[in-house]
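Visitor: Sending over a structure as structure tokens; questions will come in a sec.
The values are calculated or read from the model by the stated rules, or taken from the named source; none is laboratory data. As the structure is a prediction and not an experimental result, all values here were calculated from the model. Here the Cβ is made from the backbone with ideal geometry for all residues, glycine too, and neighbour counts use every protein chain on show.
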Amino acid sequence: MALQRPPLLILCFYLLAALHTTSDAALSSHLPQAIDCSTSRNYTSTSAYAANLNQFLAALPENAVSRNGGFFNGTVGKGTDTVYGLAMCSADYSRSDCGDCLAATANSNANGLSNLCPGSITVLAWFDPCLVRYSDTNFFGTAEIGTAFAVTRCLIFFLT
Ligand SMILES: *[C@@H]1O[C@H](CO)[C@@H](O)[C@H](O)[C@H]1NC(C)=O
Ligand SMILES: *[C@@H]1O[C@H](CO)[C@@H](O)[C@H](O)[C@H]1NC(C)=O
């Protein structure tokens, strides 16, 4: 079966990343460039989804950086508690910076996604060195939301 990565999202992300200048401040804080946290349905901190999400995020530096050359999609859990997740590294940051960025998303303090998007089941978060997306529904191969988001970001980028 052919691998169907969201090509426009990747292209746009790499393009933006290549045009974006590296700043030490952005590197040390990993403030999100853009973030979309769903609020229509929330998970609770003691749910199976929360546990699966923590496991997914914690494994991202290893899965995306060490094993897959800067791109990873995968699932954790079963049935309605399944986390479908995707991570990408930006082209103009080192893999080490990307690993730090991904590790920070799992952090329960600072810029962890549990703080930035508390309870959100569906999230798309773009930091300078890395991008993370997850949901309880399978979006692999159906990149509409991510693509629209990336294109919007591209337009905003080029217009400002
Ligand atoms: C989900 O959580 C957000 C942020 O705390 C809140 O604004 C929103 O109303 C919640 N949604 C539901 C359906 O409870
Ligand atoms: C990753 O996404 C592709 C489609 O883009 C899908 O075929 C594949 O099953 C996904 N990988 C995992 C581990 O879910």
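Visitor: Tally up the residues in segment 127-148 that are at pLDDT 80 or above, farther than 17 Å from residue 102 by Cα and among the hydroxyl-bearing types (Ser, Thr, Tyr), please.
Guide: Counting residues in segment 127-148 that are at pLDDT 80 or above, farther than 17 Å from residue 102 by Cα and among the hydroxyl-bearing types (Ser, Thr, Tyr) gives 1.
Visitor: Hey, another quick one. Scanning for something away from ligand 2 (no atom under 16 Å from the Cβ), among the acidic types (Asp, Glu) and not in a strand (DSSP E or B), does segment 81-95 turn up at least one residue?
Guide: The answer is yes, given that some residue of segment 81-95 is away from ligand 2 (no atom under 16 Å from the Cβ), among the acidic types (Asp, Glu) and not in a strand (DSSP E or B).
Visitor: Next question, about the same structure. Might you check whether a residue that is farther than 19 Å from residue 135 by Cβ, modelled with pLDDT under 55 and within 16 Å of ligand 2 (Cβ to nearest atom) occurs anywhere in segment 19-40?
Guide: no
Visitor: Also, I was wondering about something else. Among (1) surrounded by fewer than 23 Cβ atoms within 10 Å (Cβ to Cβ); (2) within 12 Å of the chain's Cα centre (by Cα), there is one condition residue 95 misses while meeting the rest; what is its number?
Guide: Condition not satisfied by residue 95: (2).
Visitor: In segment 56-80, which residue that is away from ligand 2 (no atom under 14 Å from the Cβ) and either assigned to a helix (DSSP H, G or I) or at pLDDT 95 or above (or both) is nearest to residue 121 (Cα to Cα)?
Guide: Per the stated criteria, the residue is 80.
Visitor: Mind checking which residues of segment 73-90 are within 22 Å of residue 128 (Cα to Cα) and either in contact with a Pro (Cβ under 7 Å, 6 or more places away or on another chain) or crowded, with 23+ Cβ neighbours inside 10 Å (or both)?
Guide: Those that are within 22 Å of residue 128 (Cα to Cα) and either in contact with a Pro (Cβ under 7 Å, 6 or more places away or on another chain) or crowded, with 23+ Cβ neighbours inside 10 Å (or both): 85, 86, 87, 88, 89, 90.
Visitor: Could we say that residue 114 is within 18 Å of residue 135 (Cβ to Cβ) and at pLDDT 90 or above here?
Guide: For residue 114, the condition - within 18 Å of residue 135 (Cβ to Cβ) and at pLDDT 90 or above - is met.
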